[in-house]
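Remarks on the structure that follows.
The values are calculated or read from the model by the stated rules, or taken from the named source; none is laboratory data. The structure presented is a predicted model; accordingly, all values stated were derived computationally and were not measured. So basically every Cβ, Gly included, is an ideal-geometry build from the backbone, and we count neighbours across all protein chains shown. Only protein heavy atoms, including side chains, enter the accessible area calculation; ligands, DNA and RNA are left aside. Shrake-Rupley method; radii C 1.70, N 1.55, O 1.52, S 1.80 Å.
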Amino acid sequence: MTQHFATVTALREACRRGDYTGPTIGLAPENLLCNLVVLARAWAYDFLVYCQRNPKACPLIEVLDPGDPVPRFCAPGADLRTDLSRYAIYRDGRRQDDVLNIAHLWQADSVAMLIGSSLTFDRALQRAGVPPSPEVWVLRTGLATIPAGPFGGPLAVTMRWMTAAQAIVATQLTGRFPWTHGAPLHLGDPAVIGADLAHPIWGAPVREIPSGVVPVFWACGVTPQLAVEAARPPLMIAHAPAHGFVTDLKADQFCLP
């Protein structure tokens, strides 16, 4: 059952206390949802260049000063060390056990970066008559990103199921949301982009796509977590898939007129 919170501040406070550790998908559908990357300052420049070269997958919303955990643009008063429901920890490119806060890992040179999430435009799709997909999958593809320094690797995507008519509406509408991945990068046969439906990063394995359904794929902010496998920094902290940071900003502020 989906948990409800009166405000996004209440949601973040529940995460801070450890009272809520579940996915943040759909908990604040009117608000901008962001993915998180935290790297040491020595690694942050190359990662920022990687984002600049791959804006569909890595649309930067906010970059914080070294050592500062407060996202003053997105959510003044929040703390990125504690206010996500679950964090993914990578050491030398290998994922470790998830944690519920990262205060013990935070350093004076930690640089936090927030990346727009495609899950932000789900409410806009519903308003346009496109009902929610039965699930939103996060998948690894065979498409390569443009490398920068040590960062590179495959593109991650989110997949939704729609009818053909709904896919047209979704493509037109999400093109107005360039800071949350914009329009889809592919519609149809997952094999064309090498999407691995049998081993999703998030979601249940898919053995067969139902008749009458068009898979629709958007670039995904989990892509940096794949890039770190190639870069292998001593430490990278990210949101756990589907456990993004809920900001104070309204999703409709980040779209084109």
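Hey, can you tell me all the residues within the stretch 33-76 that are farther than 21 Å from T120 by Cα, open to solvent by 60 Å² or more (accessible area, probe 1.4 Å) and in a loop (DSSP other than H, G, I, E, B)?
The one that is farther than 21 Å from T120 by Cα, open to solvent by 60 Å² or more (accessible area, probe 1.4 Å) and in a loop (DSSP other than H, G, I, E, B): D65.
Would you kindly identify the strands (runs of 3 or more DSSP E) lying entirely within the stretch 93-181 that contain at least 1 residues that are surrounded by 15 or more Cβ atoms within 10 Å (Cβ to Cβ), out of contact with any Phe, Trp or Tyr (no Cβ under 6 Å at 6 or more places or on another chain) and of a type in the set (S, T, Y)?
110-116, 137-144
If I ask for residues that are open to solvent by 20 Å² or more (accessible area, probe 1.4 Å) and small (G, A, S), which ones from the stretch 1-21 would you list?
Selection gives A6, A10, G18.
Taking the condition of being in a loop (DSSP other than H, G, I, E, B) and touching a residue at least 40 places away in the same chain (Cβ under 8 Å), how many residues in the stretch 187-226 meet it?
17
Among the candidates V70, V63, V49, single out the residue that is closer than 18 Å to G116 by Cα and without any contact (Cβ under 8 Å) to a residue 24 or more places away in the chain.
V70
From the list T171, T158, exactly one residue is of a type in the set (V, I, T), in contact with a helix residue (DSSP H, G or I) (Cβ under 8 Å, 6 or more places away or on another chain) and either free of Cβ contacts under 8 Å to residues at least 12 places away in the same chain or over 12 Å from V213 (Cβ atoms) (or both). Which is it?
Details: T171 fails: in contact with a helix residue (DSSP H, G or I) (Cβ under 8 Å, 6 or more places away or on another chain).
Exactly one residue qualifies, and that residue is T158.
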